[in-house]
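Peer 1: Sharing a structure here in structure tokens format.
The values are calculated or read from the model by the stated rules, or taken from the named source; none is laboratory data. Worth saying up front: this structure is predicted, and the values here are computed from it rather than measured. Neighbour counts run over all protein chains shown; Cβ positions are idealised from the backbone, glycine included.
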Amino acid sequence: MDRADVRRELDSGPFFHGTRADLQVGDLLEPGYSSNYGERKKANFIYLTATLEAATWGAELASGAGPGRIYRVEPTGPIEDDPNLTDKKFPGNPTRSYRTRQPLRVVGEVQSWTGHPPQVVRAMLDHLEDLKRLGIEAINE
């Protein structure tokens, strides 16, 4: 059993994906589209989390003009720790953030969630802009 299969056994979810996309139950989220972050390069992975807090950040920071949305998703293949939020920064993956090369199936939408205060979102966006100016990109292998 590889590490990704072990990870899926250790965290059975539920899983969430934050975005601005307007999706329906049954839709598939797949890698291969422009990333919501950084230089907007083609994303080699699709991201998911088992915490509403991390999904909230995804919904608030995603590019686009629509409202932030959080969807319940189901992985269709193995998942692995998201190296952008784990490794030495957060040993043990306390954010329960993952990525996969396989599609995520939308199984529902979280209708009631609370966003961060506007000044906190602005501070995070400024921080991400600083990283971009420094040439620090998300790990996209």
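Peer 1: Filter the range 60-87 for residues that are within 13 Å of the chain's Cα centre (by Cα) and small (Gly, Ala, Ser); which is farthest from PHE45 (Cα to Cα)?
Peer 2: Across the range 60-87, the extreme among qualifying residues is GLY68.
Peer 1: Check ASP82, ASP5 and return the single one that is out of contact with any helix residue (DSSP H, G or I) (no Cβ under 8 Å at 6 or more places or on another chain), at pLDDT below 90 and buried (at least 20 other Cβ atoms within 10 Å of the Cβ). Give the derivation first.
Peer 2: Numbers: ASP5 fails: buried (at least 20 other Cβ atoms within 10 Å of the Cβ).
When all the criteria are applied, what remains is ASP82.
Peer 1: Another one. Looking only at the range 62-75, decide whether some residue is loosely packed, with under 12 Cβ neighbours inside 10 Å, modelled with pLDDT under 95 and among the hydrophobic types (A, V, I, L, M, F, W, C).
Peer 2: At the first step, the residues of the range 62-75 found to be loosely packed, with under 12 Cβ neighbours inside 10 Å are 63-67.
After this cut, where a residue has to be modelled with pLDDT under 95 as well, the list is 63-67.
Then drop every residue that is not among the hydrophobic types (A, V, I, L, M, F, W, C), which leaves 65.
So far as the range 62-75 goes, yes, one or more of its residues are loosely packed, with under 12 Cβ neighbours inside 10 Å, modelled with pLDDT under 95 and among the hydrophobic types (A, V, I, L, M, F, W, C).
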